[in-house]
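Remarks on the structure that follows.
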Amino acid sequence: MSLGVHFAIDEQTAGRLLAAADDDEVAALVDEIEGEMVGVDYCDSDKAWDAIHRCLTDGLLGYGNGDYPLNTVIFGGRQLYEGDDYIVSLLSPKQVRDVADATATVDRDKLAAGYGRIDVEDYGPQYGDEDFAYTWSNFVELVAFFKRSAASGLHVIFTVGQ
């Protein structure tokens, strides 16, 4: 499984991503964001992005499942990459604020209840107490990241290679 990363980006960078002509240009811009990292806030969700999405939705990994705004934490917003080998999702500042408000209400018990909805056969052998602890610790960092991003009025992109 690939590693997931959220980046808080400004309006100009979001505009460049939205204006990208194709997947190659989107990937090049994301590489630039990842490479420069100057003035860019980010949050690595490592491999926990998968479980976080499942916990906040219906236990499955998919773009259309769950309810707004929790279903936008990972796969939400506008999909900027059309190929199968990469995911780049863009959230607007308003969506970022909505996510920040919603994730702030998710405590350990609520995330654990979502973890309990995960289809183990669909998810994999890592399912269990240790994986939930890992998921929770990454989620806590993600909540703080969205709070900072919302306070700064930034866009957020989520990236993961397949």
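The values are calculated or read from the model by the stated rules, or taken from the named source; none is laboratory data. The model shown is predicted, which means the values in this text are computed figures rather than measured ones. Cβ atoms come from the backbone with ideal geometry, glycine included; neighbour counts cover every protein chain shown. Quick note on the areas: whole protein, heavy atoms, side chains included, nothing else; ligands and nucleic acids left out. Shrake-Rupley method; radii C 1.70, N 1.55, O 1.52, S 1.80 Å.
Looking at Thr159, Thr103, can you tell me which residue is surrounded by 19 or more Cβ atoms within 10 Å (Cβ to Cβ), among the hydroxyl-bearing types (Ser, Thr, Tyr) and free of Cβ contacts under 8 Å to residues at least 60 places away in the same chain?
Numbers: Thr159 fails: free of Cβ contacts under 8 Å to residues at least 60 places away in the same chain.
From the options Thr159, Thr103, the qualifying one is Thr103.
Go through the stretch 117-156 and count every residue that is open to solvent by 50 Å² or more (accessible area, probe 1.4 Å) and either small (Gly, Ala, Ser) or without any contact (Cβ under 8 Å) to a residue 24 or more places away in the chain (or both).
Of the residues in that region, 11 qualify.
For Pro69, indicate whether it is over 20 Å from Ile33 (Cα atoms) and either surrounded by 12 or more Cβ atoms within 10 Å (Cβ to Cβ) or in contact (Cβ under 8 Å) with a residue 40 or more places away in the chain (or both). Walk me through it before giving the result.
On the way: over 20 Å from Ile33 (Cα atoms): yes; either surrounded by 12 or more Cβ atoms within 10 Å (Cβ to Cβ) or in contact (Cβ under 8 Å) with a residue 40 or more places away in the chain (or both): yes.
Judged against the criteria, Pro69 is a match.
Just for the stretch 43-80: of the residues that are out of contact with any helix residue (DSSP H, G or I) (no Cβ under 7 Å at 6 or more places or on another chain) and acidic (Asp, Glu), which one is nearest to Phe158 (Cα to Cα)?
That would be Asp44.
Just give me the residues in the stretch 35-58 being more than 26 Å from Ala112 (Cα to Cα) and open to solvent by less than 70 Å² (accessible area, probe 1.4 Å), in sequence order. Don't jump to the end; show me each part of the working.
Initial filter on the stretch 35-58 (more than 26 Å from Ala112 (Cα to Cα)): 35-41.
Selection gives Gly35, Met37, Val40, Asp41.
Before we move on, is Leu90 under 20 Å from Asp46 (Cα atoms) and in a helix (DSSP H, G or I)?
Considered against the rule, which asks whether it is under 20 Å from Asp46 (Cα atoms) and in a helix (DSSP H, G or I), Leu90 comes out as no.
Give the stretch 106-116 a look and list any residue that's free of Cβ contacts under 8 Å to residues at least 60 places away in the same chain and either open to solvent by less than 70 Å² (accessible area, probe 1.4 Å) or polar (S, T, N, Q) (or both), or say none.
Within the stretch 106-116, Val106, Leu111, Ala112, Ala113, Gly116 qualify.
When Gly114 is evaluated against the numbered criteria (1) small (Gly, Ala, Ser); (2) touching a helix residue (DSSP H, G or I) at 6+ places or on another chain (Cβ under 6 Å); (3) closer than 19 Å to Ile33 by Cβ, which criterion, by number, is the only one it fails?
The number of the failed condition is (3).
Evaluate the stretch 81-91: report whether one residue or more is without any contact (Cβ under 8 Å) to a residue 24 or more places away in the chain, touching a Leu at 6+ places or on another chain (Cβ under 7 Å) and either over 18 Å from Ser152 (Cβ atoms) or buried (at least 19 other Cβ atoms within 10 Å of the Cβ) (or both).
The initial filter retains those residues of the stretch 81-91 that are without any contact (Cβ under 8 Å) to a residue 24 or more places away in the chain, namely none.
The answer is no; no qualifying residue exists.
Specify the residue that is surrounded by the most Cβ atoms within 10 Å (Cβ to Cβ); the eligible residues are those in the stretch 8-34 that are of a type in the set (Val, Ile, Thr) and within 17 Å of Ser152 (Cα to Cα). Before you say what the answer is, go through the steps one by one.
Filtering the stretch 8-34 down to residues of a type in the set (Val, Ile, Thr) leaves 9, 13, 26, 30, 33.
Filter again for within 17 Å of Ser152 (Cα to Cα), leaving 9, 13.
Working: Ile9: 24, Thr13: 18.
Ranking the qualifying residues of the stretch 8-34, first place goes to Ile9.
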